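The values are calculated or read from the model by the stated rules, or taken from the named source; none is laboratory data. A quick note: this is a predicted structure, and the numbers were derived from the prediction, not measured. Note that each Cβ is placed from the backbone with ideal geometry, even for glycine, and that neighbours are counted across all protein chains shown. Heavy atoms of the whole protein, side chains included, go into the accessibility calculation; ligands, DNA and RNA do not. Shrake-Rupley method; radii C 1.70, N 1.55, O 1.52, S 1.80 Å.
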Amino acid sequence: MPYAFATYQDASDLADFIAQKRHDVLNAKINRYPKRAFTCSDIHECDRYMIHSILDWDKRELHDAGLQAIFDAGNKEEENVKNRIGYELGLEFIETQSPFEIKNRAGEVIASGKIDGKILWNGKAVPVEIKSMNENSFNQINSLEDFKKKPLYRKYLRQMQLYLYGNNQEAGLFIISNFRTEKLILVTLDYGECESIISRLERLWEMKKAGTYPTAEYKPELCDRCPFSSICLADVINHPADFINNEELEEHLMRRDELEPLVKEYKDLDEEIKATFKQIPHAFVGTSFEIIGKEQSRKSVDAKAMPEDLRKQYERETTFWITKIKRI
Ligand code: SF4
């Protein structure tokens, strides 16, 4: 039976329906869950975040529908990668989403996690973790060293190291995907790194049991996106507000908002380009750019490696002002 012709109104109503339903479906998936132990895929750089993540799981700020869509796409892509590498190459994925736990000396489970799976290879099972990312990020990651450049990627490293340690495995693979193709990055178990992550988790676990929080230390790259910032930085956010009527200031804030994505794009491109020219002392690109590079070294003190009591002797308190800018 032939269908009736759709009018402009029909198409417009359909568009509204899809947009609204899609939004509702994404929103219905957004939730928070209680946590008993630290999560191996979320070993954050901020000690205070780690305590909030368990003691204040119910106050965690929920993410929005846009981020949920990215999570959904990542989960779907994990399946796609398993198909491309497993089914199409004839490799078998086993023990997918297998859970693992990290215990402290007292035998308490202080962290738990999952690994995406293992690939059977010559009768042995090689652990793999699949991470999907946008094209810019994908281009920036070519080695394990590149994972150390951003807080999010450093979390991936900690997750993999804990998995290898918790399962007594010597090595595993990161499979990173840009939703079309993959890069494979080999990770070997680093006992020194694992010891340092686990002793940090043990220390934080004791704080969690005592219900104590480390002092908040404002770091824009961590705090500005932190889902606990409204309780952690409550003094800053909940202070009674002044109302300022100043058009020029408002315009500057608008312009700042417009420029923000460009800064991120600039930083991503800058990192990608500099990674391309690493180890190249001199090059010309077309007729417009000359690139000059050289190796330099500098000495610094690794304060984290110092014994706690020695570090305390050199601690001093400084005061600083935090400015958080939020579009309303
Ligand atoms: S707001 Fe900053 S200091 Fe507070 S928990 Fe989050 S990352 Fe840590």
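Please list, or write none, the lysines whose alpha carbon is within less than 30 Å of the alpha carbon of residue 299, excluding same-chain residues fewer than 8 places away.
Counting by Cα, and skipping residues close in sequence, residue 299 has these lysines nearby: 148, 149, 150, 155, 219, 264, 267, 274, 278, 312.
Using the Karplus curve 6.51 cos²θ - 1.76 cosθ + 1.60 with θ = phi - 60°, work out ³J(HN,Hα) for each residue of segment 107-117 in order, rounded to whole Hz, and write x for Gly and Pro.
Once θ is set to phi - 60°, the couplings for segment 107-117 become x, 7, 6, 9, 8, 9, x, 9, 10, 5, x Hz.
What's the carbon and sulfur percent of the chain's accessible surface, probe 1.4 angstrom, rounded to a whole number?
Answer for the chain: carbon and sulfur cover 54 percent of the accessible area.
Given the options 27, 122, 167, which has the most mean-square fluctuation in a GNM of the chain, springs set between C-alpha atoms less than 10 angstrom apart?
Largest GNM mean-square fluctuation: 122.
Once the dipole of segment 21-166 is set up with Lys and Arg at +1 and Asp and Glu at -1 on Cβ about the Cα centre, which of 119, 37, 70 lies farthest towards its positive end?
With unit charges placed on the Cβ atoms, the residue in question is 37.
List the trypsin sites (Lys or Arg not before Pro) within segment 281-328 that fall in a DSSP loop (any state other than H, G, I, E or B) and whose Cβ has at most 15 other Cβ atoms within 10 Å.
Taking segment 281-328 and a limit of 15 other Cβ atoms within 10 Å, the loop trypsin sites (Lys or Arg not before Pro) found are 294, 298, 299, 316, 324, 326, 327.
Using the charge dipole of the chain (Lys, Arg: +1 at Cβ; Asp, Glu: -1 at Cβ; taken about the Cα centre), state which of 3, 323, 83 has its Cα farthest towards the positive end.
Of 3, 323, 83, it is 83.
Using +1 on the beta carbon of Lys and Arg, -1 on that of Asp and Glu, and nothing else charged, what's the dipole of the chain about the Cα centre, debye to 20?
1040
Using a Gaussian network model on the chain with a 10 Å cutoff between Cα atoms, which of 159, 313, 97 fluctuates the most?
Fluctuation is largest for 313.
Hey, in the GNM for the chain with a 10 angstrom Cα cutoff, which one of 168, 178, 104 fluctuates hardest?
168
From the convex hull of the Cα coordinates of the chain, what is the mean projected area in square nanometres?
Average projection, Cα convex hull of the chain: 28.0 nm².
What nm value, rounded to one decimal, do you get for the distance between residue 210 and residue 296 when each label is placed 7 Å out toward the C-beta?
4.2
In nm, to one decimal, how far is the modelled label at residue 326 from the one at residue 88, with both set 7 Å along Cα→Cβ?
4.4
Rounded to the nearest 500, what is the chain's calculated 222 nm mean residue ellipticity when only DSSP H runs of at least 4 contribute -39500 (n - 2.57) each, over all residues?
Taking each H run of at least 4 residues, the total per residue is -13500 deg cm²/dmol.
List every residue whose amide H lies under 5 Å from the amide H of residue 103, counting only residues 5 or more places away in sequence or on a different chain, with H placed 1.01 Å from N in the peptide plane.
110
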